[in-house]
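Here the structure comes first, spelled out in structure tokens, and everything after it is commentary.
The values are calculated or read from the model by the stated rules, or taken from the named source; none is laboratory data. Just so it is clear, the model here is predicted, and its values are computed rather than measured. In this analysis, Cβ positions are derived from the backbone assuming ideal geometry, glycine residues included, and neighbour counts consider all displayed protein chains.
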Amino acid sequence: MTPELRLAHTVLQTNRKAVMRDWYVRALAARVVYETELIAFLTFDEEHHRLGLISAPVPFAERTPTTVGLAHTAYTFASLADLLDRFAVLRAAGVRPHVCVAHGPTTSLYYRDPDGNTVELQIDNFADAEETTAYLTGPEFTADPVGPAFDPDRLLADYERGVPIAELTTRTWAAAGAVHSHPLLALTGDEPARPVSAE
Ligand SMILES: [Fe+2]
């Protein structure tokens, strides 16, 4: 029998622990559970820590957008309303996503932390993993495994004026106001996203 295994936490090396701590406390509505001069542990749920931040007496080499390794860490909200609430809170604090993508299975807002690590705040758009897997192997995802980028201000505005969630979470809704021609480049690189109108 396969033993039960769950993802426990992520730990980031950083040269700016305090700035990173404050950023994650805000972005994830997290709390600090343990901290020393060089270490901070944060959580936002029942786990004792979900994120660790570690500094060292000697500075780490700074990461670049093209460094090999972790592309992003993703956090899931229970509803579009919850995701948009967090988006609005962060927007009011001047923290905006780098790029937002209507993947289909998820609606995803990608932020960059102060070190340049990407953090995905998302919702699942299907009821369960079985439905999601069916979409991943279906024609829409096969034709384009990324999906269109969208303007999160438009998403919030459309949500607030009552556009149904079932519509807002489709690629069709996002594509109608697509904002970047190559979301994957915006997601992975240091190039600013190119507006669709620039093509
Ligand atoms: Fe992701």
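Numbers below:
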quantity	calculated
In the range 90-131, residue nearest to the ligand (Cβ to nearest atom) [restricted to those that are closer than 13 Å to His72 by Cβ and small (Gly, Ala, Ser)]	Ser108
Some residue of the range 139-146 being among the polar types (S, T, N, Q) and outside any loop (DSSP other than H, G, I, E, B)	yes
Failed criterion for Gln122 (all others in (1) part of a loop (DSSP other than H, G, I, E, B); (2) touching a residue at least 40 places away in the same chain (Cβ under 8 Å); (3) not basic (Lys, Arg) hold)	(1)
Residue within the range 54-71 that is under 19 Å from Leu121 (Cβ atoms), at pLDDT 95 or above and surrounded by 15 or more Cβ atoms within 10 Å (Cβ to Cβ) present	no
Qualifying residue in the range 74-86 (condition: away from the ligand (no atom under 16 Å from the Cβ), in a loop (DSSP other than H, G, I, E, B) and over 16 Å from Asp113 (Cβ atoms))	yes
Enumeration of residues in the range 132-149 that are among the hydrophobic types (A, V, I, L, M, F, W, C) and more than 16 Å from the ligand (Cβ to nearest atom)	Ala134, Ala143
Selection status of Ala61, small (Gly, Ala, Ser) and either within 16 Å of Leu7 (Cβ to Cβ) or part of a loop (DSSP other than H, G, I, E, B) (or both)	yes
Matching option when the condition is at pLDDT below 90 and among the basic types (Lys, Arg), among Arg194, Arg96	Arg194
Yes/no for Arg26 being assigned to a helix (DSSP H, G or I), in the same structural domain as Asp153 (by TED's automatic domain parsing) and at pLDDT 95 or above	no
